1. How large is Rg/Rh for chain A, to two decimals, with Cα atoms and a Kirkwood Rh?
2. With θ taken as phi - 60° and the coefficients 6.51, -1.76 and 1.60, list the Karplus ³J(HN,Hα) couplings across the stretch B:166-171 in order, rounded to whole Hz; mark glycine and proline as x.
3. For residue A:175, what charge total do you get from the other residues with a beta carbon under 10 Å from its beta carbon, if Lys and Arg give +1 and Asp and Glu give -1?
4. Which far-off residues, 5 or more places away or on another chain, put their amide H under 5 Å from the one on residue A:237, with H placed in the peptide plane?
5. What percentage of the solvent-accessible surface of chain A, computed with a 1.4 Å probe over protein heavy atoms, is contributed by carbon and sulfur atoms?
6. Take residue A:322 and residue A:87, extend 7 Å from each Cα along the Cα→Cβ direction, and tell me the distance between the two endpoints in nm.
7. Within the accessible area of the stretch B:92-173, what % is carbon and sulfur when the probe is 1.4 Å and the other protein chains stay in place?
8. Scan chain A and note any complete DSSP helix (H) whose C-alpha atoms cover at least 15 Å along its axis and whose Kyte-Doolittle average is -0.5 or more.
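The values are calculated or read from the model by the stated rules, or taken from the named source; none is laboratory data. It should be emphasised that the depicted structure is a prediction, and the values quoted were computed from it without experimental measurement. Positions of Cβ are backbone-derived with ideal geometry, glycine not excepted, and every protein chain shown enters the neighbour counts. Areas reflect the complete protein model, heavy atoms only, side chains present, ligands, DNA and RNA absent. Shrake-Rupley method; radii C 1.70, N 1.55, O 1.52, S 1.80 Å.
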Amino acid sequence: MRENFQSLENPVFGFPMLGTLKGLMTRKILLMVLALGLCGAQAQVRVVKGGATKAGIDWSRLVASGAAPSEFKRVLEDDLIRSGWFTPAAPGAEFSLVGTAQESGQLTAQIQLFSASQQRWLLSKQYTVAGTAARSLAHRVADDILAAIGRKGMFSGRIVMVGTRSGAKELYVCDMDGGNLQQITSDRSICLAPRWSPDGQRITYTSYLKRWPDVYLIDLASRSRRVLASYSGLNSGGAISPDGSLVALALSKDGSPNLYVRGLGGGAPVRLTTETRAAIASPSWSPDGSHIVYTSDQASTAHPQLYMISRSGGAPKRLTTRGSQNVAPNWGANGLIAYASLLGKFQICVLDPNTLDSKMVSPGDGASYEDPCWAPDGRHIVCSRTQNYRSTIYLLDTLGDPPVAFAQLSGDWYSPSVTAK
Amino acid sequence: MHSKRWMTWLAVGLVAAVVVGSGCKKKTAGSGLGEGDIGGLKGLNIGEGGLGTRPDLNATEIAGQFAAVYFDYDSAQVRDTERAKVEAVAAGLKKSTSGGVIVEGHCDERGSAEYNLSLGERRAMAVRAYLQSLGVDAARIQTKSFGKEKPVALGHDEESWGKNRRAEFVLFK
(Lines give C-alpha, C1' and ligand atoms only; values in the text may rest on other atoms or scores of the structure.)
Protein backbone atom coordinates (compact mmCIF):
# COMPACT_ATOMS: atom_id res chain seq x y z
CA MET A 1 0.00 0.00 0.00
CA ARG A 2 1.20 3.53 -0.75
CA GLU A 3 2.63 5.65 2.00
CA ASN A 4 2.35 8.90 0.10
CA PHE A 5 -0.32 11.19 1.53
CA GLN A 6 0.83 14.41 -0.10
CA SER A 7 -1.54 13.91 -3.02
CA LEU A 8 -4.55 14.12 -0.75
CA GLU A 9 -6.38 17.39 -0.62
CA ASN A 10 -7.25 17.08 3.03
CA PRO A 11 -4.99 19.21 5.19
CA VAL A 12 -4.66 16.41 7.75
CA PHE A 13 -2.49 14.52 5.30
CA GLY A 14 -0.62 17.58 4.08
CA PHE A 15 1.70 17.88 7.08
CA PRO A 16 4.53 15.72 8.34
CA MET A 17 2.82 13.73 11.06
CA LEU A 18 3.87 12.05 14.22
CA GLY A 19 4.14 8.35 13.56
CA THR A 20 3.26 7.23 10.08
CA LEU A 21 3.27 3.46 10.01
CA LYS A 22 6.62 3.60 8.25
CA GLY A 23 8.07 5.92 10.87
CA LEU A 24 6.63 4.01 13.80
CA MET A 25 9.84 2.35 14.92
CA THR A 26 11.96 5.50 14.97
CA ARG A 27 9.21 7.42 16.76
CA LYS A 28 8.85 4.67 19.30
CA ILE A 29 12.57 4.77 20.06
CA LEU A 30 12.50 8.56 20.29
CA LEU A 31 9.57 8.52 22.70
CA MET A 32 11.11 5.78 24.79
CA VAL A 33 14.31 7.82 25.11
CA LEU A 34 12.27 10.85 26.13
CA ALA A 35 10.24 8.78 28.58
CA LEU A 36 13.37 7.51 30.28
CA GLY A 37 14.29 11.02 31.32
CA LEU A 38 10.89 11.87 32.71
CA CYS A 39 8.72 10.74 35.57
CA GLY A 40 5.11 9.74 34.97
CA ALA A 41 2.85 9.58 31.96
CA GLN A 42 1.64 13.17 32.40
CA ALA A 43 5.07 14.67 31.94
CA GLN A 44 5.79 12.25 29.12
CA VAL A 45 3.00 13.57 26.94
CA ARG A 46 3.32 17.24 27.85
CA VAL A 47 6.99 18.02 27.52
CA VAL A 48 7.43 16.92 23.93
CA LYS A 49 6.31 19.70 21.60
CA GLY A 50 5.31 18.61 18.17
CA GLY A 51 6.13 19.90 14.75
CA ALA A 52 2.85 21.56 13.78
CA THR A 53 3.17 25.17 12.59
CA LYS A 54 1.99 27.73 15.15
CA ALA A 55 1.60 31.48 15.25
CA GLY A 56 2.67 33.59 18.22
CA ILE A 57 -0.13 35.28 20.16
CA ASP A 58 0.33 38.00 22.78
CA TRP A 59 -2.56 38.14 25.25
CA SER A 60 -0.87 40.42 27.81
CA ARG A 61 -3.23 43.26 26.87
CA LEU A 62 -6.39 41.23 27.54
CA VAL A 63 -7.13 42.47 31.05
CA ALA A 64 -9.37 40.42 33.35
CA SER A 65 -10.45 41.64 36.80
CA GLY A 66 -12.40 39.51 39.28
CA ALA A 67 -12.97 35.77 39.73
CA ALA A 68 -15.24 34.97 36.77
CA PRO A 69 -13.28 37.16 34.30
CA SER A 70 -10.03 35.50 35.44
CA GLU A 71 -11.52 32.06 34.92
CA PHE A 72 -12.73 33.22 31.51
CA LYS A 73 -9.23 34.35 30.54
CA ARG A 74 -7.55 31.20 31.85
CA VAL A 75 -9.94 28.85 30.00
CA LEU A 76 -9.61 30.96 26.82
CA GLU A 77 -5.80 30.82 26.93
CA ASP A 78 -5.86 27.05 27.52
CA ASP A 79 -8.23 26.62 24.56
CA LEU A 80 -6.05 28.71 22.24
CA ILE A 81 -2.97 26.63 23.12
CA ARG A 82 -4.94 23.40 22.86
CA SER A 83 -6.26 24.39 19.41
CA GLY A 84 -2.75 23.76 18.08
CA TRP A 85 -2.61 26.95 16.02
CA PHE A 86 -1.11 29.33 18.62
CA THR A 87 1.85 29.62 20.92
CA PRO A 88 2.01 32.27 23.70
CA ALA A 89 4.33 35.12 22.74
CA ALA A 90 5.58 38.52 23.84
CA PRO A 91 4.25 41.83 22.40
CA GLY A 92 5.10 42.18 18.74
CA ALA A 93 3.88 38.67 17.90
CA GLU A 94 1.84 37.87 14.78
CA PHE A 95 -1.41 38.05 16.76
CA SER A 96 -2.39 40.35 19.61
CA LEU A 97 -5.43 39.68 21.79
CA VAL A 98 -6.63 42.96 23.27
CA GLY A 99 -9.59 43.81 25.46
CA THR A 100 -11.22 43.53 28.86
CA ALA A 101 -13.22 41.00 30.82
CA GLN A 102 -15.28 42.45 33.67
CA GLU A 103 -17.95 41.32 36.05
CA SER A 104 -20.84 43.36 37.37
CA GLY A 105 -23.67 40.90 37.91
CA GLN A 106 -23.05 39.78 34.37
CA LEU A 107 -19.77 38.87 32.68
CA THR A 108 -18.85 41.26 29.87
CA ALA A 109 -15.92 40.64 27.55
CA GLN A 110 -14.62 43.05 24.95
CA ILE A 111 -12.38 41.07 22.58
CA GLN A 112 -10.20 42.27 19.69
CA LEU A 113 -7.72 40.29 17.64
CA PHE A 114 -5.00 42.11 15.66
CA SER A 115 -2.84 40.59 12.90
CA ALA A 116 0.65 42.14 12.61
CA SER A 117 1.32 40.79 9.12
CA GLN A 118 -2.04 41.99 7.77
CA GLN A 119 -1.96 45.18 9.88
CA ARG A 120 -5.67 44.93 10.64
CA TRP A 121 -8.20 43.80 13.25
CA LEU A 122 -9.55 40.35 12.48
CA LEU A 123 -12.12 40.31 15.29
CA SER A 124 -13.81 42.95 17.37
CA LYS A 125 -16.73 41.79 19.45
CA GLN A 126 -18.47 42.35 22.77
CA TYR A 127 -20.01 39.47 24.70
CA THR A 128 -22.34 39.62 27.71
CA VAL A 129 -23.36 36.45 29.57
CA ALA A 130 -24.41 35.37 33.08
CA GLY A 131 -21.58 35.47 35.61
CA THR A 132 -21.75 31.69 35.96
CA ALA A 133 -21.09 31.15 32.23
CA ALA A 134 -17.38 32.08 32.20
CA ARG A 135 -16.27 28.68 30.88
CA SER A 136 -18.80 28.41 28.06
CA LEU A 137 -18.10 32.02 27.04
CA ALA A 138 -14.35 31.27 26.89
CA HIS A 139 -15.04 28.27 24.61
CA ARG A 140 -17.26 30.44 22.38
CA VAL A 141 -14.65 33.21 22.13
CA ALA A 142 -11.92 30.65 21.38
CA ASP A 143 -13.95 29.33 18.44
CA ASP A 144 -14.63 32.92 17.24
CA ILE A 145 -10.88 33.67 17.34
CA LEU A 146 -10.12 30.49 15.38
CA ALA A 147 -12.78 31.40 12.81
CA ALA A 148 -11.20 34.88 12.51
CA ILE A 149 -7.88 33.31 11.46
CA GLY A 150 -9.66 30.96 9.06
CA ARG A 151 -9.59 27.82 11.21
CA LYS A 152 -12.42 25.60 12.38
CA GLY A 153 -12.92 25.57 16.15
CA MET A 154 -13.83 22.70 18.43
CA PHE A 155 -14.41 24.25 21.84
CA SER A 156 -18.18 24.61 21.54
CA GLY A 157 -18.23 20.82 21.21
CA ARG A 158 -19.33 18.46 23.98
CA ILE A 159 -18.05 14.99 24.82
CA VAL A 160 -20.19 12.09 26.02
CA MET A 161 -18.33 9.12 27.50
CA VAL A 162 -18.62 6.13 29.79
CA GLY A 163 -17.34 6.59 33.34
CA THR A 164 -16.99 4.14 36.23
CA ARG A 165 -16.60 6.45 39.22
CA SER A 166 -20.05 5.59 40.64
CA GLY A 167 -19.23 1.87 40.62
CA ALA A 168 -21.34 1.18 37.53
CA LYS A 169 -20.71 2.20 33.93
CA GLU A 170 -22.74 5.40 33.46
CA LEU A 171 -22.76 8.17 30.83
CA TYR A 172 -21.19 11.57 31.48
CA VAL A 173 -20.81 14.70 29.36
CA CYS A 174 -18.07 17.33 29.57
CA ASP A 175 -16.53 20.22 27.63
CA MET A 176 -13.70 19.75 25.15
CA ASP A 177 -11.17 20.46 27.93
CA GLY A 178 -12.73 17.98 30.36
CA GLY A 179 -14.43 20.73 32.37
CA ASN A 180 -18.12 21.06 33.25
CA LEU A 181 -18.51 17.32 33.90
CA GLN A 182 -22.09 16.12 34.36
CA GLN A 183 -23.45 12.64 35.03
CA ILE A 184 -26.25 11.84 32.58
CA THR A 185 -27.46 8.35 33.50
CA SER A 186 -28.03 6.64 36.83
CA ASP A 187 -29.07 3.28 35.41
CA ARG A 188 -26.95 1.28 37.91
CA SER A 189 -26.52 -1.18 35.07
CA ILE A 190 -24.01 -1.20 32.19
CA CYS A 191 -24.06 1.76 29.79
CA LEU A 192 -21.98 1.36 26.63
CA ALA A 193 -21.03 3.03 23.35
CA PRO A 194 -22.69 6.47 23.54
CA ARG A 195 -23.01 8.51 20.34
CA TRP A 196 -24.30 12.03 19.76
CA SER A 197 -27.12 12.79 17.35
CA PRO A 198 -25.91 15.10 14.53
CA ASP A 199 -27.64 18.10 16.19
CA GLY A 200 -25.88 17.46 19.51
CA GLN A 201 -29.19 17.42 21.39
CA ARG A 202 -29.59 13.68 21.88
CA ILE A 203 -27.45 10.65 22.79
CA THR A 204 -27.90 7.02 21.77
CA TYR A 205 -26.35 4.23 23.81
CA THR A 206 -26.58 0.54 24.69
CA SER A 207 -27.75 -0.31 28.21
CA TYR A 208 -28.77 -3.36 30.24
CA LEU A 209 -31.36 -1.25 32.08
CA LYS A 210 -34.05 -3.90 31.44
CA ARG A 211 -31.54 -6.78 31.80
CA TRP A 212 -31.01 -7.16 28.03
CA PRO A 213 -28.69 -5.17 25.74
CA ASP A 214 -31.04 -2.56 24.22
CA VAL A 215 -30.41 0.73 22.41
CA TYR A 216 -31.82 3.88 24.03
CA LEU A 217 -32.18 7.50 22.95
CA ILE A 218 -31.78 10.27 25.54
CA ASP A 219 -32.99 13.81 24.96
CA LEU A 220 -30.43 15.88 26.84
CA ALA A 221 -32.56 18.97 27.51
CA SER A 222 -35.52 17.08 29.02
CA ARG A 223 -33.46 14.06 30.19
CA SER A 224 -36.28 11.91 28.79
CA ARG A 225 -35.40 8.52 27.35
CA ARG A 226 -36.99 6.10 24.95
CA VAL A 227 -36.10 2.65 23.64
CA LEU A 228 -34.77 2.67 20.07
CA ALA A 229 -34.28 -1.09 19.69
CA SER A 230 -35.14 -3.99 22.01
CA TYR A 231 -35.39 -6.97 19.71
CA SER A 232 -34.52 -10.48 20.88
CA GLY A 233 -30.78 -11.02 21.14
CA LEU A 234 -28.27 -8.20 20.80
CA ASN A 235 -29.16 -4.55 20.14
CA SER A 236 -26.21 -2.18 19.75
CA GLY A 237 -24.85 0.50 17.44
CA GLY A 238 -27.39 3.29 17.39
CA ALA A 239 -25.65 5.65 14.95
CA ILE A 240 -27.99 8.39 13.72
CA SER A 241 -27.56 9.44 10.06
CA PRO A 242 -26.21 12.95 9.31
CA ASP A 243 -29.69 14.17 8.24
CA GLY A 244 -31.16 12.82 11.48
CA SER A 245 -33.73 10.58 9.77
CA LEU A 246 -32.23 7.09 10.14
CA VAL A 247 -30.45 5.00 12.76
CA ALA A 248 -27.90 2.27 12.01
CA LEU A 249 -28.04 -0.70 14.39
CA ALA A 250 -26.21 -3.98 14.98
CA LEU A 251 -28.95 -6.53 15.70
CA SER A 252 -28.92 -10.32 16.06
CA LYS A 253 -32.68 -10.82 15.96
CA ASP A 254 -32.54 -12.81 12.69
CA GLY A 255 -29.92 -15.23 13.96
CA SER A 256 -26.52 -13.49 13.69
CA PRO A 257 -25.24 -9.96 14.41
CA ASN A 258 -25.83 -7.91 11.26
CA LEU A 259 -26.10 -4.27 10.24
CA TYR A 260 -29.58 -2.74 9.93
CA VAL A 261 -31.00 0.69 9.14
CA ARG A 262 -34.32 1.97 10.41
CA GLY A 263 -36.21 5.24 10.61
CA LEU A 264 -35.34 7.07 13.81
CA GLY A 265 -39.04 7.49 14.51
CA GLY A 266 -39.79 3.78 14.01
CA GLY A 267 -40.59 1.26 11.31
CA ALA A 268 -39.13 -2.12 10.44
CA PRO A 269 -35.33 -2.39 10.37
CA VAL A 270 -33.90 -3.04 6.89
CA ARG A 271 -31.01 -5.52 6.92
CA LEU A 272 -27.93 -4.31 5.03
CA THR A 273 -25.37 -7.08 5.65
CA THR A 274 -26.14 -10.74 5.16
CA GLU A 275 -23.42 -12.48 7.16
CA THR A 276 -24.30 -15.72 8.91
CA ARG A 277 -20.91 -16.30 10.55
CA ALA A 278 -19.56 -12.91 11.58
CA ALA A 279 -19.59 -10.51 14.48
CA ILE A 280 -20.63 -7.16 12.98
CA ALA A 281 -20.43 -4.01 15.12
CA SER A 282 -19.71 -0.27 15.43
CA PRO A 283 -21.56 1.47 12.55
CA SER A 284 -20.59 5.05 11.60
CA TRP A 285 -22.10 7.12 8.76
CA SER A 286 -20.23 8.86 5.94
CA PRO A 287 -20.66 12.68 6.05
CA ASP A 288 -23.10 12.60 3.10
CA GLY A 289 -25.09 9.73 4.64
CA SER A 290 -24.60 7.50 1.57
CA HIS A 291 -22.44 4.83 3.24
CA ILE A 292 -21.78 3.19 6.61
CA VAL A 293 -18.41 1.94 7.87
CA TYR A 294 -18.43 -0.90 10.41
CA THR A 295 -16.35 -3.69 11.97
CA SER A 296 -16.72 -7.33 10.94
CA ASP A 297 -14.71 -10.53 11.37
CA GLN A 298 -16.27 -12.17 8.31
CA ALA A 299 -12.91 -12.77 6.60
CA SER A 300 -11.31 -16.19 6.95
CA THR A 301 -8.78 -14.76 9.42
CA ALA A 302 -11.74 -14.30 11.81
CA HIS A 303 -10.18 -11.10 13.16
CA PRO A 304 -12.20 -7.89 12.87
CA GLN A 305 -11.53 -5.52 9.97
CA LEU A 306 -13.27 -2.40 8.63
CA TYR A 307 -15.82 -2.62 5.84
CA MET A 308 -18.08 -0.06 4.20
CA ILE A 309 -21.47 -0.61 2.61
CA SER A 310 -24.02 1.55 0.82
CA ARG A 311 -26.93 2.62 3.03
CA SER A 312 -29.14 0.71 0.61
CA GLY A 313 -27.11 -2.49 1.02
CA GLY A 314 -25.21 -4.41 -1.67
CA ALA A 315 -21.68 -5.79 -1.54
CA PRO A 316 -19.53 -4.52 1.33
CA LYS A 317 -16.03 -3.24 0.56
CA ARG A 318 -13.15 -4.21 2.83
CA LEU A 319 -11.10 -1.15 3.82
CA THR A 320 -8.28 -2.47 6.05
CA THR A 321 -5.68 -5.18 5.72
CA ARG A 322 -2.86 -4.06 8.02
CA GLY A 323 -3.08 -4.71 11.74
CA SER A 324 -4.45 -7.95 13.17
CA GLN A 325 -7.59 -6.10 14.34
CA ASN A 326 -9.15 -2.89 13.02
CA VAL A 327 -12.13 -1.75 15.06
CA ALA A 328 -14.24 1.17 16.30
CA PRO A 329 -14.41 3.30 13.10
CA ASN A 330 -15.53 6.94 13.23
CA TRP A 331 -16.17 8.68 9.89
CA GLY A 332 -15.39 12.38 10.28
CA ALA A 333 -16.99 15.36 8.53
CA ASN A 334 -13.56 15.76 6.83
CA GLY A 335 -14.20 12.49 4.98
CA LEU A 336 -11.53 10.52 6.85
CA ILE A 337 -12.16 7.45 9.00
CA ALA A 338 -10.45 7.27 12.40
CA TYR A 339 -10.19 3.77 13.91
CA ALA A 340 -8.25 1.65 16.39
CA SER A 341 -5.71 -0.78 14.93
CA LEU A 342 -4.01 -3.55 16.86
CA LEU A 343 -0.30 -2.97 16.16
CA GLY A 344 1.17 -4.59 19.25
CA LYS A 345 -0.96 -2.19 21.32
CA PHE A 346 -4.08 -0.56 19.93
CA GLN A 347 -3.17 2.63 18.05
CA ILE A 348 -5.36 5.28 16.45
CA CYS A 349 -5.08 5.37 12.67
CA VAL A 350 -6.69 7.59 10.06
CA LEU A 351 -7.83 6.16 6.72
CA ASP A 352 -8.88 7.78 3.46
CA PRO A 353 -11.74 5.57 2.21
CA ASN A 354 -11.11 6.62 -1.41
CA THR A 355 -7.43 5.67 -1.63
CA LEU A 356 -7.31 3.28 1.38
CA ASP A 357 -4.16 5.14 2.49
CA SER A 358 -3.83 5.02 6.25
CA LYS A 359 -1.48 6.37 8.87
CA MET A 360 -1.02 6.09 12.59
CA VAL A 361 -1.67 9.25 14.60
CA SER A 362 -1.21 8.04 18.19
CA PRO A 363 2.34 8.28 19.54
CA GLY A 364 3.24 4.59 19.96
CA ASP A 365 4.32 5.26 23.54
CA GLY A 366 3.45 1.86 25.01
CA ALA A 367 -0.11 2.82 25.91
CA SER A 368 -3.23 1.49 24.17
CA TYR A 369 -5.30 4.10 22.30
CA GLU A 370 -8.88 3.10 21.44
CA ASP A 371 -12.38 4.33 20.55
CA PRO A 372 -11.47 7.40 18.46
CA CYS A 373 -13.92 10.17 17.55
CA TRP A 374 -13.16 13.22 15.41
CA ALA A 375 -13.38 16.61 17.09
CA PRO A 376 -15.42 19.31 15.29
CA ASP A 377 -12.23 21.00 14.00
CA GLY A 378 -11.40 17.99 11.82
CA ARG A 379 -7.83 18.12 13.15
CA HIS A 380 -8.06 16.55 16.60
CA ILE A 381 -9.32 13.13 17.67
CA VAL A 382 -10.71 12.34 21.11
CA CYS A 383 -10.02 8.77 22.26
CA SER A 384 -9.42 6.60 25.30
CA ARG A 385 -5.86 5.84 26.41
CA THR A 386 -5.17 2.81 28.59
CA GLN A 387 -1.94 2.23 30.46
CA ASN A 388 -1.39 -0.06 33.44
CA TYR A 389 -5.09 -1.02 33.17
CA ARG A 390 -6.24 2.55 33.88
CA SER A 391 -8.14 4.28 31.11
CA THR A 392 -8.71 7.99 30.54
CA ILE A 393 -9.64 10.37 27.74
CA TYR A 394 -7.03 12.02 25.52
CA LEU A 395 -6.99 14.56 22.74
CA LEU A 396 -4.80 13.48 19.80
CA ASP A 397 -3.52 15.91 17.19
CA THR A 398 -3.33 14.57 13.63
CA LEU A 399 -0.86 17.37 12.81
CA GLY A 400 1.71 16.15 15.28
CA ASP A 401 1.30 17.96 18.60
CA PRO A 402 1.66 15.54 21.53
CA PRO A 403 -1.50 14.00 23.07
CA VAL A 404 -3.14 15.92 25.89
CA ALA A 405 -4.87 14.23 28.84
CA PHE A 406 -8.20 15.37 30.21
CA ALA A 407 -6.31 15.66 33.48
CA GLN A 408 -9.04 16.80 35.85
CA LEU A 409 -11.03 13.58 35.44
CA SER A 410 -10.50 10.96 38.16
CA GLY A 411 -11.62 7.36 37.62
CA ASP A 412 -11.71 5.26 34.45
CA TRP A 413 -13.21 6.64 31.24
CA TYR A 414 -14.08 4.98 27.93
CA SER A 415 -15.76 5.37 24.53
CA PRO A 416 -15.84 9.16 24.03
CA SER A 417 -18.11 10.65 21.36
CA VAL A 418 -17.90 14.31 20.33
CA THR A 419 -20.64 16.54 18.94
CA ALA A 420 -20.35 17.50 15.26
CA LYS A 421 -20.14 21.23 16.09
CA MET B 1 17.57 -56.92 29.33
CA HIS B 2 18.62 -55.37 26.07
CA SER B 3 15.59 -56.60 24.12
CA LYS B 4 13.21 -55.58 26.93
CA ARG B 5 14.48 -51.99 26.83
CA TRP B 6 14.02 -52.01 23.04
CA MET B 7 10.42 -53.18 23.46
CA THR B 8 9.78 -50.38 26.00
CA TRP B 9 11.05 -47.73 23.59
CA LEU B 10 8.89 -49.18 20.81
CA ALA B 11 5.81 -48.98 23.05
CA VAL B 12 6.62 -45.38 24.05
CA GLY B 13 7.07 -44.51 20.38
CA LEU B 14 3.72 -46.04 19.41
CA VAL B 15 1.89 -44.19 22.18
CA ALA B 16 3.59 -40.94 21.18
CA ALA B 17 2.61 -41.46 17.55
CA VAL B 18 -1.03 -41.98 18.51
CA VAL B 19 -1.04 -38.90 20.75
CA VAL B 20 0.61 -36.71 18.11
CA GLY B 21 -1.73 -38.09 15.46
CA SER B 22 -4.88 -37.34 17.43
CA GLY B 23 -3.48 -33.93 18.40
CA CYS B 24 -3.09 -33.01 14.75
CA LYS B 25 -6.54 -34.25 13.91
CA LYS B 26 -8.08 -31.75 16.32
CA LYS B 27 -6.52 -28.90 14.40
CA THR B 28 -8.16 -29.76 11.07
CA ALA B 29 -10.54 -27.15 9.71
CA GLY B 30 -14.18 -27.69 10.51
CA SER B 31 -13.78 -29.46 13.82
CA GLY B 32 -15.60 -27.65 16.55
CA LEU B 33 -18.87 -25.89 15.99
CA GLY B 34 -19.56 -22.47 14.65
CA GLU B 35 -17.18 -21.78 11.80
CA GLY B 36 -16.82 -24.66 9.38
CA ASP B 37 -19.54 -27.03 8.22
CA ILE B 38 -21.44 -27.91 11.30
CA GLY B 39 -21.90 -31.63 11.54
CA GLY B 40 -25.12 -32.83 13.04
CA LEU B 41 -26.95 -29.58 12.37
CA LYS B 42 -28.70 -30.90 9.26
CA GLY B 43 -27.33 -28.01 7.21
CA LEU B 44 -28.44 -25.38 9.69
CA ASN B 45 -26.01 -22.48 9.99
CA ILE B 46 -25.67 -20.10 12.85
CA GLY B 47 -27.43 -17.08 11.51
CA GLU B 48 -30.39 -18.92 10.11
CA GLY B 49 -33.63 -18.93 12.01
CA GLY B 50 -34.61 -15.88 14.03
CA LEU B 51 -34.74 -15.68 17.79
CA GLY B 52 -38.01 -16.20 19.60
CA THR B 53 -39.55 -13.83 22.13
CA ARG B 54 -37.49 -12.86 25.17
CA PRO B 55 -38.63 -14.37 28.46
CA ASP B 56 -40.86 -12.22 30.62
CA LEU B 57 -38.97 -9.71 32.78
CA ASN B 58 -40.56 -11.34 35.84
CA ALA B 59 -39.50 -14.86 34.84
CA THR B 60 -37.55 -16.84 37.43
CA GLU B 61 -33.93 -17.19 36.36
CA ILE B 62 -31.63 -19.89 37.73
CA ALA B 63 -27.89 -19.65 37.07
CA GLY B 64 -25.08 -22.05 37.92
CA GLN B 65 -26.86 -25.33 37.11
CA PHE B 66 -24.53 -26.11 34.21
CA ALA B 67 -20.81 -25.70 33.54
CA ALA B 68 -19.60 -22.80 31.39
CA VAL B 69 -18.36 -23.47 27.85
CA TYR B 70 -14.94 -21.94 27.04
CA PHE B 71 -13.70 -20.47 23.75
CA ASP B 72 -10.43 -19.67 21.98
CA TYR B 73 -9.30 -16.06 21.44
CA ASP B 74 -11.42 -14.22 18.87
CA SER B 75 -13.30 -17.45 18.16
CA ALA B 76 -16.95 -18.45 18.42
CA GLN B 77 -16.31 -22.16 17.76
CA VAL B 78 -17.53 -24.64 20.35
CA ARG B 79 -14.36 -26.70 20.91
CA ASP B 80 -14.70 -30.49 20.73
CA THR B 81 -13.60 -30.68 24.37
CA GLU B 82 -16.50 -28.41 25.38
CA ARG B 83 -19.28 -30.25 23.53
CA ALA B 84 -20.22 -32.53 26.43
CA LYS B 85 -21.15 -29.47 28.52
CA VAL B 86 -23.68 -28.37 25.90
CA GLU B 87 -24.97 -31.91 25.60
CA ALA B 88 -25.64 -31.93 29.36
CA VAL B 89 -27.72 -28.76 29.00
CA ALA B 90 -29.67 -30.29 26.10
CA ALA B 91 -30.41 -33.38 28.19
CA GLY B 92 -31.55 -31.20 31.09
CA LEU B 93 -33.86 -29.12 28.90
CA LYS B 94 -35.42 -32.20 27.34
CA LYS B 95 -36.58 -33.44 30.75
CA SER B 96 -39.24 -30.72 30.72
CA THR B 97 -41.22 -29.02 27.99
CA SER B 98 -41.69 -25.71 29.83
CA GLY B 99 -39.21 -22.87 30.34
CA GLY B 100 -35.95 -22.56 28.51
CA VAL B 101 -32.38 -21.35 28.66
CA ILE B 102 -30.61 -18.01 28.19
CA VAL B 103 -27.16 -18.60 26.74
CA GLU B 104 -24.94 -15.73 27.91
CA GLY B 105 -21.92 -14.94 25.74
CA HIS B 106 -18.81 -13.37 27.32
CA CYS B 107 -15.39 -12.19 26.11
CA ASP B 108 -11.99 -11.36 27.57
CA GLU B 109 -10.97 -7.75 28.27
CA ARG B 110 -9.06 -7.19 25.02
CA GLY B 111 -10.51 -5.21 22.12
CA SER B 112 -13.34 -2.78 21.56
CA ALA B 113 -16.44 -2.94 23.76
CA GLU B 114 -18.80 -2.96 20.78
CA TYR B 115 -16.97 -5.65 18.81
CA ASN B 116 -16.91 -7.80 21.94
CA LEU B 117 -20.69 -7.38 22.31
CA SER B 118 -21.13 -8.91 18.86
CA LEU B 119 -18.46 -11.58 19.44
CA GLY B 120 -20.13 -12.60 22.72
CA GLU B 121 -23.46 -12.84 20.89
CA ARG B 122 -21.87 -15.09 18.26
CA ARG B 123 -20.52 -17.37 20.99
CA ALA B 124 -23.98 -17.62 22.52
CA MET B 125 -25.42 -18.32 19.07
CA ALA B 126 -22.87 -21.07 18.35
CA VAL B 127 -23.99 -22.80 21.55
CA ARG B 128 -27.62 -22.19 20.60
CA ALA B 129 -27.06 -23.86 17.21
CA TYR B 130 -25.53 -26.92 18.88
CA LEU B 131 -28.44 -27.14 21.35
CA GLN B 132 -30.81 -26.99 18.37
CA SER B 133 -28.91 -29.77 16.60
CA LEU B 134 -29.35 -31.88 19.73
CA GLY B 135 -33.10 -31.52 19.43
CA VAL B 136 -33.87 -28.57 21.72
CA ASP B 137 -36.70 -26.40 20.40
CA ALA B 138 -35.18 -23.12 19.11
CA ALA B 139 -38.00 -21.12 20.73
CA ARG B 140 -36.68 -22.20 24.17
CA ILE B 141 -33.17 -20.78 23.61
CA GLN B 142 -32.42 -17.06 24.03
CA THR B 143 -29.03 -15.44 23.56
CA LYS B 144 -27.65 -12.56 25.60
CA SER B 145 -24.20 -11.04 25.11
CA PHE B 146 -22.36 -9.22 27.87
CA GLY B 147 -19.29 -8.61 25.69
CA LYS B 148 -16.33 -7.98 27.99
CA GLU B 149 -18.45 -6.35 30.71
CA LYS B 150 -18.77 -9.27 33.16
CA PRO B 151 -15.43 -11.02 33.64
CA VAL B 152 -15.27 -13.84 36.22
CA ALA B 153 -11.46 -13.63 36.50
CA LEU B 154 -9.92 -10.20 37.00
CA GLY B 155 -6.28 -10.91 36.05
CA HIS B 156 -4.66 -9.52 32.92
CA ASP B 157 -3.13 -12.76 31.63
CA GLU B 158 -4.08 -15.76 29.52
CA GLU B 159 -5.21 -17.70 32.58
CA SER B 160 -7.88 -15.09 33.34
CA TRP B 161 -8.70 -14.37 29.71
CA GLY B 162 -9.36 -18.08 29.05
CA LYS B 163 -11.83 -18.18 31.94
CA ASN B 164 -13.62 -15.09 30.67
CA ARG B 165 -14.11 -16.26 27.05
CA ARG B 166 -17.18 -18.29 27.86
CA ALA B 167 -20.86 -19.05 27.47
CA GLU B 168 -22.95 -19.47 30.60
CA PHE B 169 -26.38 -21.04 30.96
CA VAL B 170 -29.24 -19.41 32.84
CA LEU B 171 -32.45 -21.40 33.01
CA PHE B 172 -35.76 -19.53 33.00
CA LYS B 173 -39.29 -20.58 33.90
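1. Working: Rg = 22.0 Å, Rh = 22.5 Å.
In chain A, Rg relative to Rh is 0.98.
2. 8, 10, 10, 10, 10, 7
3. 0
4. For residue A:237, whose amide H was placed from the backbone, the distant partners under 5 Å are A:250, A:282.
5. Numbers: 8330 of 16050 Å².
With neighbouring chains kept in place, the figure for chain A is 52 percent.
6. 2.9
7. On the way: 1410 of 2710 Å².
That fraction is 52 percent.
8. Working: long enough: A:24-36 (18 Å, 1.86); A:67-82 (22 Å, -0.41); A:134-148 (21 Å, 0.35).
Helices meeting the span and hydropathy rule in chain A are A:24-36, A:67-82, A:134-148.
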